[in-house]
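Note sheet for the following structure.
We did not get these values from a lab; they are worked out from the coordinates using the rules stated. A quick note: this is a predicted structure, and the numbers were derived from the prediction, not measured. When we count neighbours, we look across all protein chains shown, and the Cβ atoms used for this are built from the backbone with ideal geometry, even at glycine.
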Amino acid sequence: MNKPHGEIIVDGYDMLKKPKKAKKEIGYMPEGVPLYTDLTVKEFVTYMAEIKQVDKKTKKEKVEKIIEQTGLKDVEKKLVKNLSRGYKQRVSMAGALVGEPKILILDEPTVGLDPKQITEIRNLIKELGKTHTVILSSHILSEVSQICNKVIIINKGKIVAIDTPENLESKVTNNNNVYVTVEDPENKMKVTTEKIADIKKIELVEENEDGTKQYVIEANGEIDLRKTIFAELAKENITIFEMKKADTTLEDAFMKLIEGGKQ
């Protein structure tokens, strides 16, 4: 069997040669939120400060700062076990922040949270990203797209892409599509759109219960045909209920990359 090879350098420290100094630069928040639930929030953060050997002279001040930073001031005297899942996530993040690490590793930080809590945790991560290097592991790709400025996609243990979310999305945009929902009782939609020179293809996507129909119209190249489509349909008294360009998401990019195995 081949032995593992390579090296891990954290802020200039080799993980094998200087493990303590390297680990000191890393704060880790695991997915399962493992906490000492019989401690109060403040006791837990203080305990983490003791474990990480924070200077005794500044420990109290730094604990207070982290509690404020993570929005835990109002619950600092409550037992951890009595907190909501969202606040427990904040407590776990506070533990990761103890010791002023330069790198934060957050594993699925919003799993199990309600929409309000998700928004709060995402905003907190964005704030932390201004002063720390944040490595975020998540299967919620809409979250990755909102929070991260660089994405690494791994498939079967191999890196298949490293780029910004915007660039990954743009790389898989092959078609210039517009979705149009119309009321067309005389079925003139296809005949009308065939008069527009730059339309490459039109297909019926869905017939709705209210009598409207949704079509996808593919244009040639990068031409934006929305104004032209609107004008031509209006001439034929075809009522437009909705018209929008098709958006490529990070999910689309992810699926295409792992299916192709390459960028």
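Measuring against 29 Å, Cα to Cα, the residue pairs 24/65; 17/60; 24/60 contain 17/60 as the ones spanning a longer distance. Residues 184, 55, 163, ranked from the fewest to the most other C-beta atoms within 10 Å, line up as 55, 163, 184. Structure note, pairs 213/256; 18/150; 156/256: Cα-Cα distances above 20 angstrom occur for 213/256; 18/150. Full extension of the chain between residue 207 and residue 11 gives 64.8 nm of extra length, using 0.36 nm per residue less the Cα-Cα distance. Centroid-to-centroid, using Cα positions, segment 47-123 and segment 161-228 are 47 Å apart.
Angle between the Cα long axis of helix 56-69 and the longest principal axis of the chain, 0 to 90 degrees, nearest 10? Value to nearest ten degrees: 20. Could you tell me which of the pairs 59/102; 200/227; 23/73; 21/59; 21/73 are separated by over 22 angstrom between their Cα atoms in the structure shown? Pairs exceeding the cut-off: 23/73; 21/73. The reciprocal of the average 1/r between distinct C-alpha atoms defines the Kirkwood hydrodynamic radius, which for segment 1-112 equals 15.0 Å. With the simple spin-label model, which puts each label point 7 Å out from Cα in the Cβ direction, the residue 249 to residue 23 separation comes to 4.0 nm.
Against the chain, whose longest principal axis is taken from its Cα atoms, helix 226-235 shows a tilt of about 40°. Result for the chain in a Gaussian network model with C-alpha springs under 10 Å: among 37, 212, 70, the largest mean-square fluctuation is at 212. A simple spin-label model places pseudo-atoms 7 Å from Cα toward Cβ; at residue 239 and residue 130 they are separated by 4.9 nm. By the rule of a C-alpha distance below 18 Å, with chain neighbours fewer than 8 residues away ignored, the aspartates and glutamates paired with residue 195 are 184, 186, 203, 218, 224, 232, 236. Full extension of the segment from residue 74 to residue 194, taken as 0.36 nm per residue of separation minus the current Cα-Cα distance, would add 36.9 nm. Taking a sphere under 12 Å around the Cβ of residue 97 and counting the other residues whose Cβ falls inside, with K and R at +1 and D and E at -1, yields a net charge of +2.
Taking the Cα atoms only, what angle lies between the long axis of helix 250-260 and the longest principal axis of the chain, rounded to 10 degrees? For helix 250-260, the angle is close to 90 degrees. Given R0 = 45 Å, the distance between the Cβ atoms of residue 259 and residue 61 translates into a calculated FRET efficiency of 0.30. Taking a Cβ cut-off of under 12 Å around residue 26, the surrounding Lys, Arg, Asp and Glu residues balance to a net charge of +3, with basic ones at +1 and acidic ones at -1.
Going from the residue with the fewest nearby Cβ atoms within 10 Å to the one with the most, 87, 179 rank 179, 87.
Straight-line cross-link partners of residue 126 among the aspartates and glutamates, defined as a Cα under 14 Å from its Cα and at least 8 positions apart when in the same chain: 143.
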